[in-house]
Amino acid sequence: MSLLVVGLSHRSAPVSILERASLSADTQAKLLQDTLAAEPAAEGTVLATCNRIELYADVDKFHAGVAELSTLLAQHSGVGLDELTPYLYVHYEDRAVHHLFSVACGLDSMVVGEGQILGQIKDALAIGQDLHTAGRLLNDLFQQALRVGKRAHSETGIDRAGQSLVTFGLEQLADGTDVDTWAKGKKALVIGAGSMSSLAAATLARSGVSEIVVANRTLARAERLAQILNESGGTPGGSSGGGTGVAARAVEMVAVGDELTRADVVVSCTGATGLVLTGDGIEAAVRDRSTPLALLDLAMPRDIDAAAHRIPGVRLVDIESLAEASADAPMAADVDQVRGIVSDEVAAFGAAQRAAHITPTVVALRTMAADVVANEVARLEGRLPGLDDKQRAEITQTVRRVVDKLLHAPTVRVKQLASEPGGAGYADALRTLFDLDPETVASVSRADLNDADVKNRGRV
């Protein structure tokens, strides 16, 4: 296994750097294409969220891989390599696996234990599959990361520590008041209609706001979210008749300025590259009002002008504020149990990968043995032409049994040894001892990879 991850997150970099380094969907695709074009990388995928950017790759050279991936991240993020490098972290082989599994469990999240990261990991794998940049290693890795994350949430109480970023943000806006009490009867404006915005709208509805206005560049998506909120009582995907009593409607983005004058709380999470709400626009909206305006910015790069922090009557909570607040958030006792799960799963993944590494060699050995049997039986038939079909079949079966018995113990044992740490060399030893054709082993690996790719794509 030669897995390498190079990245930066809220733990290693200030929000100002994360904001500048954020990657659009098109940029992520170009980054992955350039990663595979780079000499050290055989496959790759990118995990990009509001508080992390990580590039995963299967590389054949560690130092060259680190240099290449760091350079590619700098080029595509637009942050100079010299400026970006101090904030980058690098994980290799088992440490890289441990990192992703910890991320999947929410241990590395801004809000410990949050479950939204699982959907983002699933999206990262899907991007790699769609672009054909994720091969067997990354397919196996990300599929198991999803299973590990689900296991952590089902077997432990990590959810007691974890909240969604939306819930955590609303708690910061409520400033010590119970969120349901604080939100009750308020009018909310949600800018954006993606997964985070949908979660924000559902959370606000459950918290007791009286009205939700959804604004989006594509009006149809805003209308769809508003319809779901109205039909399900505030929970997208929930059953009808939830009873929250919220009234939802959709507007175009050009109406945001007018809606801002009427809203009590605004949540914004779009993919815009520029500001959605400027300081001047916010100041104009609150100029003639007597009630405060609460703003929650969950976008990266930011949607709401940081100047809002200085406007009287306005409270802004953004990713930077959340990062500062989360640093003091208590961790649940279940975190230690989750860490144990991660450690066990890392060991299991490593063993499975090492065992899989030797499988093509074992298959090639048995293929060679079958060819030897076939050739010797054919030679015997030439020397003993009087054999009838029953005799020929018995001789063939006997020779096959002898070969199978001779190969059984060493092939089973070599698989066991290969699954242990340091067992990678057993495949090389087997190829050398039996003088196996490297191309035969490679062809088995390619066939195995194609089968695995088809299977994995169907599971995501």
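Ordered by packing density, taken as the mean number of other Cβ atoms within 10 Å over each peptide's residues, highest first, how do 396-403, 119-126 rank?
Highest-to-lowest ranking by the protection proxy: 119-126, 396-403.
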* Asked: In nanometres, what is the gap between the two model label sites at R310 and A25, each 7 Å from Cα along Cα-to-Cβ?
  -> 3.7
* Structure fact -> Whole-Hz Karplus couplings 3J(HN,Hα) for segment 298-304, θ = phi - 60° and coefficients 6.51, -1.76, 1.60, Gly and Pro as x, run 10, 8, 9, x, 4, 8, 10
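Please state the shape class of segment 171-299: rounded when a/c is under 1.5, otherwise prolate if a/b exceeds b/c and oblate if not, all from the C-alpha gyration tensor.
The shape class here is oblate.
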* Please give the calculated 222 nm ellipticity per residue for the chain, where each DSSP H segment of at least 4 residues contributes -39500 (n - 2.57) and the sum is spread over every residue; nearest 500 deg cm²/dmol? => -18500 deg cm²/dmol
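In the structure shown, do any of K61/K122; K122/K187; K30/K186 have a Cα-Cα gap over 31 Å, and if so which? List each step's numbers first, then the result.
On the way: K61/K122 27 Å; K122/K187 34 Å; K30/K186 43 Å.
Pairs exceeding the cut-off: K122/K187; K30/K186.
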* Based on Cα positions only, what radius of gyration and what Dmax would you give for segment 21-114, in angstroms? -> 13.1, 37
* To do: Mind checking the per residue accessible area of segment 1-137 for me, 1.4 Å probe, whole number of Å²?
  => 37
* To do: Could you pull out every residue, at least 5 positions away or on a different chain, whose amide H is within less than 5 Å of the one on L295? Hs are placed 1.01 Å off N in the peptide plane, and Pro or chain starts have none.
  => V266, R315, L316, V317
* Where the accessible area of the chain is counted over protein heavy atoms with a 1.4 Å probe, how much of it, in %, is carbon and sulfur? -> 51
* Asked: In the chain, what percentage of the DSSP-assigned beta bridges are antiparallel, given to the nearest 5?
  -> 45
* **Three-way shape label, segment 275-359, alpha-carbon gyration tensor, a/c 1.5** => prolate
* Shape of segment 107-240, Cα gyration tensor, a/c cut at 1.5 -> oblate
* With the calculation restricted to Cα positions, what are the radius of gyration and Dmax of segment 1-66 in angstrom? -> 12.2, 35
* Structure fact -> The helix 25-37 Cα axis meets the longest alpha-carbon principal axis of the chain at an angle in degrees, between 0 and 90 and rounded to 10, of 30
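Quick one: which of 380-392, 427-439, 188-200 comes out on top by average Cβ neighbours within 10 Å, and what's the full order, highest first? Could the numbers behind the result be given before it?
Numbers: 380-392: 9.8, 427-439: 13.4, 188-200: 24.2.
Highest mean packing first, the order is 188-200, 427-439, 380-392.
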* Degrees, to the nearest 10: 165-174 long Cα axis against longest axis of the chain -> 20
* **Residues with amide H under 5 Å from that of G208, placed H, sequence gap 5 or more** => none
* Taking K and R as +1 and D and E as -1, what net charge do the other residues with C-beta under 12 Å from the C-beta of S9 add up to? -> 0
* To do: Give me the percent of Cα-Cα pairs in the chain that sit more than 38 Å apart, rounded to a whole number.
  => 38
* Folded to 0 to 90 degrees: helix 438-459 orientation relative to the chain principal axis, Cα -> 40
* Which whole-angstrom value gives the distance between the alpha carbon centres of segment 142-209 and segment 1-79? -> 28
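The values are calculated or read from the model by the stated rules, or taken from the named source; none is laboratory data. Values in this document were obtained by computation on a predicted structure and should not be read as measured data. Cβ coordinates were reconstructed from backbone atoms using ideal geometry, including for glycine residues, and neighbour counts include every protein chain displayed. SASA here: full protein model, heavy atoms, side chains in, ligands and nucleic acids out. Shrake-Rupley method; radii C 1.70, N 1.55, O 1.52, S 1.80 Å.
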